[in-house]
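Some notes on the structure that comes next.
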Amino acid sequence: MSRRLLAVFLAAGVLSACGGDGGAGTLVLYTTVTQNTVDTVVAAFEADNPGVAVEVFRAPTGEVNARIAADLREGDIQADVLWLTDPLSMQQWEARGVLRVAAPDATAVPAEYRQDRFWGTRVLNLVVVRHRDGPAVASWDDLVSAAATGGVVLPDPAFAGSAFAAVAYFAIADDYGFAYLEALHAAGAAVVAAPGDVITAVAEGQYAAGITLDVPAADAVADGSPIEIVWPSPGAIAIYSPIAVTSAAGAATDFVSFVLGIEGQTAIASTGWQPVHPGVPWEVGGPQVTLDWEQAFDRQQELLDAFRAIFGG
């Protein structure tokens, strides 16, 4: 880690990324990434690029999508860079022509974490979180019986991009399919807005178990929450968090290159997320499974409609 990056991490109160004045030295970022990760990466980038200020609009997937849609109704997206939670959320904007051709330094990004116009920045793992007093859960299949005996809660795919990826995985995987989601619902599984709401609901004993992201769950455990993280068989659902260029501003490509480079990846890892750069040491918590992203891209609306038909909303 460079001395400059270390100084950024040790600074009292991570620098705020908001409040750019829209001038020539301002880079506008729309993102769904967790606040501490965005703040840490932006602070490191600004330290390395003192002539550029990064103005951030950060919100859940649904709100960022609404912001982009509003921009497009007025003419064009106002962001220079999009940094989202999952490839499904990003691909819809590629299909609408929002993403620009760019050539950031993405040489370290593994092939499975990239498309032509967007690149993975970190890996999110969807795991099971269970209350310590709840039934044992060792696999995704065990959630059906847990739903019947103690209740299971899922994040809403219309609200959270990671939840959308989970629905896609179960719907497409041969061993699960829509029948698995129907079985969860029939057993009494419920839906809340976000992965963080899942953690809260399980910790408070409203449900025995739920599906959520590994990092906020680990943070909750560290804070003394009465929950346990289960890396379910056959594996946690691995999702890559993509970044893309949406304007002709040169600083946009520079920012993406920074995030994908060793310094940006080290910043991401410092906030608890699995980096994609093989040069940044990281120990994965267990086996991982991935979904067929190309098939998921082609079936996004179908998958969301099917989920709503099963769970309502």
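Does Ser162 count as crowded, with 24+ Cβ neighbours inside 10 Å, in contact (Cβ under 8 Å) with a residue 12 or more places away in the chain, of a type in the set (S, T, N, Q) and not in a loop (DSSP other than H, G, I, E, B)? Even if it seems obvious, please write down each step before you answer.
Numbers: crowded, with 24+ Cβ neighbours inside 10 Å: yes; in contact (Cβ under 8 Å) with a residue 12 or more places away in the chain: yes; of a type in the set (S, T, N, Q): yes; not in a loop (DSSP other than H, G, I, E, B): yes.
When the stated conditions are applied, Ser162 passes them.
Could you grab me the full set of residues in the range 226-266 that are more than 23 Å from Gln115 (Cβ to Cβ), touching a strand residue (DSSP E or B) at 6+ places or on another chain (Cβ under 9 Å) and of a type outside the set (A, V, I, L, M, F, W, C)?
Kept after step one, since they are more than 23 Å from Gln115 (Cβ to Cβ), are these residues of the range 226-266: 226-234, 263, 266.
Now narrow it down to the ones that are touching a strand residue (DSSP E or B) at 6+ places or on another chain (Cβ under 9 Å): 226-234, 266.
Of everything in the range 226-266, those that are more than 23 Å from Gln115 (Cβ to Cβ), touching a strand residue (DSSP E or B) at 6+ places or on another chain (Cβ under 9 Å) and of a type outside the set (A, V, I, L, M, F, W, C) turn out to be Pro226, Glu228, Pro232, Ser233, Pro234, Thr266.
Name the pairs: first residue in the range 72-88 and outside the structural domain of Gln35 (by TED's automatic domain parsing), second residue assigned to a loop (DSSP other than H, G, I, E, B), Cβ to Cβ under 6 Å, at least 6 apart or on different chains?
none
Would you list the strands (runs of 3 or more DSSP E) that sit entirely within the range 194-267 and hold 3 or more residues that are at pLDDT 95 or above, in contact with a Phe, Trp or Tyr (Cβ under 9 Å, 6 or more places away or on another chain) and within 26 Å of Gly62 (Cβ to Cβ)?
Here the list reads 236-245.
For the range 175-198, indicate whether the set of residues that are buried (at least 24 other Cβ atoms within 10 Å of the Cβ) and under 17 Å from Val33 (Cα atoms) is non-empty.
Yes, the range 175-198 has at least one match.
Can you pull out every residue in the range 50-63 that is at pLDDT below 95 and either in contact with an Asp or Glu (Cβ under 7 Å, 6 or more places away or on another chain) or of a type outside the set (Gly, Ala, Ser) (or both)?
In the first step, residues of the range 50-63 are kept if they are at pLDDT below 95; the result is 50-51, 59-63.
Residues satisfying the conditions are Pro50, Pro60, Thr61, Glu63.
Filter the range 127-150 for residues that are in contact with a helix residue (DSSP H, G or I) (Cβ under 6 Å, 6 or more places away or on another chain) and under 14 Å from Leu184 (Cβ atoms) and give the result. Don't jump to the end; show me each part of the working.
Initially, the range 127-150 is screened for residues in contact with a helix residue (DSSP H, G or I) (Cβ under 6 Å, 6 or more places away or on another chain), giving 127, 129, 131, 135, 137, 144, 147.
Selection gives Val137, Val144, Ala147.
Would you pick out the residues in the range 221-280 that are farther than 27 Å from Tyr169 by Cβ, of a type in the set (D, E, K, R) and not assigned by TED's automatic domain parsing to the domain that holds Tyr113?
Passing the criteria: only Asp223.
The values are calculated or read from the model by the stated rules, or taken from the named source; none is laboratory data. In this text the structure is predicted, and so the values were computed from the model without any measurement. In this analysis, Cβ positions are derived from the backbone assuming ideal geometry, glycine residues included, and neighbour counts consider all displayed protein chains.
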